[in-house]
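Engineer: Before we start, here is the structure in question, set down as structure tokens.
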């Protein structure tokens with residue numbers, strides 16, 4: 001029997017990959033249209049709901065977004081659908097012990113960390129069956145404005161990357177096609193899940209130097225690591241509201257971190273990640289194309 005997934009935010013970073021991954025796995029995919037669809041009606045008959053609503057800037061993390069997630073949680077509790085919520089590492093804070101697991105305490109006290117804790121608490125308190133797939137920073141296959149392609153790797157054609165923190169500190173990364181496939185694997189095995197599950201997605205643990213070395217192997221040329229130009233961003237900060245959040249979360253770029261994959265391995269033992277170099281090659285393909293044309 002074909003299962004049905006409802007994607008909220010199907011045009012976004014995680015949602016677009018989730019729609020592709022579920023369709024590839026044979027699921028019936030419904031894409032929610034916020035301009036035309038009713039949430040309660042759209043959720044009828046859905047086995048799984050991917051709650052991937054996430055605005056493009058920190059300055060849009062506001063009361064309306066919190067209310068939207070609360071509405072999703074309440075509707076899912078009534079319908080019986082399982083919610084998959086793409087989570088992040090903001091909830092841990094700078095003092096949480098690594099590696100980060102499902103039982104790692106959420107010690108964040110900064111505004112964005114508290115906001116994410118509030119979103120997750122809404123799902124837990126609603127009674128909806130909820131899976132948080134907790135990811136590190138995204139690596140995508142096309143430009144979406146994330147840190148990797150927007151700030152770190154634009155200068156790869158010139159022979160360097162700009163890293164926004166300590167280039168020796170390990171950092172958690174999630175290749176989005178893999179994260180979406182993991183979501184499908186967990187949805188297929190959701191009978192094994194507790195009512196509220198927090199599943200870290202291990203992805204890749206790579207420092208700035210690791211990324212530069214891997215890109216060197218992928219491109220066949222030496223890639224240097226240069227410091228990020230925070231001073232230029234500081235000058236732009238008064239004119240760009242989203243930069244307040246960027247500076248607030250800056251500490252993560254120098255905080256050693258790793259997401260533990262033990263629970264994912266238990267629930268989806270057949271999941272095989274893409275090799276890191278293959279993921280980086282795909283992520284850099286659209287940047288190499290303009291350079292090739294210019295040559």
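Since every read-out is calculated from the coordinates, none of them should be taken as a lab result. As the structure is a computational prediction, the values presented were derived from the model and not from experiment. Neighbour counts run over all protein chains shown; Cβ positions are idealised from the backbone, glycine included.
Engineer: Taking the chain as the reference, fit the longest principal axis to its C-alpha atoms, fit the long axis of helix 176-188 to the helix C-alpha atoms, and give the angle between the two in degrees, 0 to 90, nearest 10.
Structural biologist: Tilt relative to the chain: about 20 degrees.
Engineer: Related question: Could you please state, rounded to a whole Å, how far the C-alpha centre of region 31-68 is from the C-alpha centre of region 94-142?
Structural biologist: Going from one Cα centre to the other spans 18 Å.
Engineer: Once the piece of chain linking residue 248 and residue 41 is laid out straight, how much longer is it, given 0.36 nm per residue of separation minus the C-alpha distance between them?
Structural biologist: So the chain would gain 70.7 nm between residue 248 and residue 41.
Engineer: Still on this structure: Looking at the chain, what % of its DSSP beta bridges pair antiparallel, to the nearest 5?
Structural biologist: The antiparallel proportion sits near 5 percent.
Engineer: Let me ask something else. What FRET efficiency comes out for the pair residue 168/residue 96, r = Cβ-Cβ distance, R0 = 30 Å, nearest 0.05? Please report the intermediate quantities before stating the final value.
Structural biologist: Numbers: r = 20 Å, r/R0 = 0.67.
Calculated transfer efficiency: 0.90.
Engineer: Cα convex hull of region 9-133: mean projected area in nm², to one decimal?
Structural biologist: In nm², the orientation-averaged hull projection of region 9-133 is 8.2.
Engineer: Express in nm, to one decimal, how much length is gained between residue 224 and residue 265 on full extension, taking 0.36 nm for each residue of separation and deducting their alpha carbon distance.
Structural biologist: Gain on stretching residue 224 to residue 265: 11.3 nm.
Engineer: Any idea what % of Cα-Cα pairs in region 1-83 are farther than 18 Å?
Structural biologist: That tail contains 40 percent of the Cα-Cα pairs.
Engineer: Using only Cα atoms, find the angle between the long axis of helix 276-294 and the longest principal axis of the chain, and express it within 0 to 90 degrees, rounded to the nearest 10.
Structural biologist: 60 degrees
Engineer: Please report the projected area of region 193-241's Cα convex hull averaged over all directions, in nm².
Structural biologist: Over all viewing directions, region 193-241 projects a mean Cα-hull area of 7.0 nm².
Engineer: Between residue 1 and residue 286, what FRET efficiency follows from the Cβ-Cβ distance if R0 is 45 Å, with the result rounded to 0.05?
Structural biologist: Efficiency at R0 = 45 Å is approximately 0.70.
Engineer: A further question on this structure: For the pair residue 189/residue 114, report the inter-label distance in nm, with labels modelled 7 Å from Cα in the Cβ direction.
Structural biologist: A separation of 3.7 nm, rounded to one decimal place.
Engineer: A further question on this structure: Would you please put 76-84, 235-243 in order of how densely packed they are, using the mean number of other Cβ atoms within 10 angstrom per residue and starting with the highest?
Structural biologist: On the way: 76-84: 21.0, 235-243: 11.7.
The packing order, highest mean first, is 76-84, 235-243.
Engineer: Helix 13-24 versus the longest principal axis of the chain: what angle, 0 to 90°, nearest 10, using Cα atoms?
Structural biologist: Approximately 60 degrees, to the nearest ten.
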